[in-house]
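Reading through the structure tokens given below for one structure.
We did not get these values from a lab; they are worked out from the coordinates using the rules stated. Being a predicted model, the structure only gives us computed values, none of them experimental. Here the Cβ is made from the backbone with ideal geometry for all residues, glycine too, and neighbour counts use every protein chain on show.
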Amino acid sequence: MTVNAQLATRQILLARHGQTQWNLEGRRQGQLDSPLTHQGMLDARTIAAQAARFPVNAIIASPLGRTRQTAQIIGDIIGIRVEYLDDLREVDHGTFAGLTNGELDARYPTWRTERTADLYRWRFPGGESYADAHRRAHRALSSRPVAAASCPLIITHEMIARMIVAILQQLDVDEAFARNLPHGHLLVFDWPQKSSTRS
């Protein structure tokens, strides 16, 4: 008897958490948190309605508060227990977390120029870079809960979502930076899943 590995196509669903108070205020959240707004809760319900059209059999979310809130609303609606994965956390904004871009301009006048010079490798002071997030995105997509599901729904954050999209669509990072994941919007990707057949 031999075991042959074959690639079967499956779907991966990707969504961002609902709108938060800090999103409204233009504050960088990173791995800090602020609660969902009323609109943010509606965003989660909108995602649930979109996801209900697919055979979702796992919900995997970042453990940060805003994604927990979003994922729990979705899970309650479609009847699936949520699993949490540290690698889906947003990029750590370090000392920039909690500040608006205007406040950053006043405190760190050169930050925009430095960041633009190498957006992929530039690291938030005391935090992470897109390159760090890219590595975490690879780990997340190959993690047990994602790999074991035939149609997983991933609930995460905008910056790390760009790196997930880059992997799923085989984009270079510059193309990925141009991608946005609005609140209340579901992205759907075909992605190969290795399966085994016996003969």
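Going from the fewest other Cβ atoms within 10 Å to the most, the residues ASP132, ASP105, ASP43 appear in the order ASP105, ASP132, ASP43. Ranked by how many other Cβ atoms sit within 10 Å of their own Cβ, fewest first, the residues SER150, SER142 fall in the order SER142, SER150. The alpha carbons of the range 1-99 stretch over 60, 30, 18 Å along the principal axes, in descending order. Axis angle, to the nearest 10 degrees, between helix 130-141 and the longest C-alpha principal axis of the chain: 20 degrees.
Calculate log10 I(q)/I(0) of the chain for q = 0.09, 0.14, 0.17 Å⁻¹, where I(q) comes from the Debye formula with a single equal point scatterer on each Cα and nothing for solvent. Debye intensities relative to I(0), on a log10 scale: -0.35, -0.80, -1.13.
If we count other beta carbons within 10 Å of each Cβ, what is the order of ASP87, ASP172, fewest first? Intermediate results must be reported in sequence, preceding the final value.
Details: ASP87 19, ASP172 9.
So the residues, fewest neighbours to most, are ASP172, ASP87.
Could you tell me what percent of the DSSP beta bridges with both partners in the range 3-198 are antiparallel, to the nearest 5? Of the beta bridges lying entirely in the range 3-198, close to 60 percent run antiparallel. Every helix of 4 or more DSSP H residues in the chain counts as -39500 (n - 2.57), and over all residues that averages to -11500 deg cm²/dmol at 222 nm.
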